[in-house]
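Q: Below: one structure in structure tokens.
The values are calculated or read from the model by the stated rules, or taken from the named source; none is laboratory data. For clarity, every value in this text was computed on a predicted model and none was experimentally measured. Using ideal geometry, Cβ is built from the backbone for each residue, glycine included, and neighbour counts are taken over all protein chains shown. Side chains included, ligands, DNA and RNA excluded: accessible areas come from the protein's heavy atoms. Shrake-Rupley method; radii C 1.70, N 1.55, O 1.52, S 1.80 Å.
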Amino acid sequence: MKTTQASSNPYPHTDSNKRYYTYDYYMKKTFGGKCAKIPLDAGFTCPNIDGRCGTGGCIYCSSGSAAHRETAPLPLREQYRLHREQLSQKWSVERCIPYFQAHTNTYAPVSTVKTICEEAAAYKGAVALSLATRADCLEDEKLLYFDGLSRRIPVVLELGLQSASDETARRINRGHDFAAFADAVARIRRLSPKVQICIHVINGLPGEGREDMLETARRVAALRPDQVKIHLMHVLRDTPLGRMYEEGKYTPMTREEYVSVTVDQLELLPPDTVIGRLTGDGLSDELLAPDWSRKKTVVLNEIDKELYRRGTYQGIRYTP
Ligand code: SF4
């Protein structure tokens, strides 16, 4: 039989040539096939924008810009229906994951969080729920609610860490440090053990070098997340980072640098952590740089090729 990249792949959690735990593979194993992730905007703001912990937001965040302020979101049910209808033209929407994506989706009283989650859990086709939030917006009463909810439907909390370096966190105006993040992860594990944790990191943050990004991967690995999303730093128009870029004070990563460091990180992460993302979408009109990020498939292919070239795979350098 002819040896192919797939048949010679040593990585165990795959049924293809991928040498990391893809989100597609996870969906197939967990839900029996692809699920459509439906983005929802529940109309929340963020404590790093409204002044509770900071103003102006993270330096790369475009959420405070006029473009994002002028329209109130449609009712959630309507957003869900519209997105589902659009997606149904491309693929099956039999299984969906309502995803509260905009801003900080637990930055409200527990009663509000409960209302939106109960509504979304009952949507047609919903097989799980996902909420993007911050480590400093997960009070115990909310985690106790998520504990009950996660016993009825899978729940994923998506937490932005971005970097494990406190110096970087200050530089990007993140508004919390690594200790606060690790504390939230520990409390989720204790109070809502069935809730899955997805950690977001960003490569190419201002002032960071390769070793900072690898250290973030090591510290994330030590937290044993269920899922990780690795993003490239996208420079968006009308943001403080966008201005730094225009003034020549910030240089984005090259594609080669991004691929190389991302492969290093995959090697350091636990082998059974699901990789929810390895690039951003980068298609937005607001994107200033890097331009190469618009070709997402090329980036993913380069990552596959680099893993193959090195003969490595996710978790090969992970130490529990
Ligand atoms: S936590 Fe998210 S929404 Fe809030 S300022 Fe940072 S990037 Fe923007």
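Q: So LYS114 fits all but one of (1) open to solvent by 60 Å² or more (accessible area, probe 1.4 Å); (2) in a loop (DSSP other than H, G, I, E, B); what number is the exception?
A: (2) is the only condition that LYS114 fails.
Q: If you scan the stretch 256-286, which residues turn out to be closer than 20 Å to ARG19 by Cβ and not in a helix (DSSP H, G or I)?
A: LEU269, PRO270, PRO271, ASP272, THR273, VAL274, ILE275, GLY276, ARG277, LEU278, THR279
Here is a yes/no grid of residues against (1) in contact with a strand residue (DSSP E or B) (Cβ under 7 Å, 6 or more places away or on another chain); (2) touching a residue at least 12 places away in the same chain (Cβ under 8 Å); (3) crowded, with 21+ Cβ neighbours inside 10 Å:
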residue	(1), (2), (3)
LEU191	no, yes, no
ARG210	no, yes, no
ALA217	no, yes, yes
HIS234	yes, yes, yes
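Q: Going through ARG219, ARG174 one at a time, which residue ends up being part of a loop (DSSP other than H, G, I, E, B) and either of a type in the set (Lys, Arg) or at pLDDT below 95 (or both)?
A: Numbers: ARG219 fails: part of a loop (DSSP other than H, G, I, E, B).
That would be ARG174, the only listed residue that is part of a loop (DSSP other than H, G, I, E, B) and either of a type in the set (Lys, Arg) or at pLDDT below 95 (or both).
Q: Let me ask another. Just to check your reading of the model, which residue among LEU131, LEU214, LEU157 is hydrophobic (A, V, I, L, M, F, W, C) and outside any strand (DSSP E or B)?
A: LEU214
Q: Read through the list (1) within 16 Å of the ligand (Cβ to nearest atom); (2) aliphatic (A, V, I, L, M); (3) outside any loop (DSSP other than H, G, I, E, B); (4) at pLDDT 90 or above, then give the number of the only condition that ALA67 fails.
A: Here ALA67 clears every test but (4).
Q: Which residue, of TYR99, TYR60, TYR107, is within 16 Å of the ligand (Cβ to nearest atom), in a strand (DSSP E or B), of a type outside the set (Asp, Glu) and at pLDDT 95 or above?
A: The match here is TYR99.
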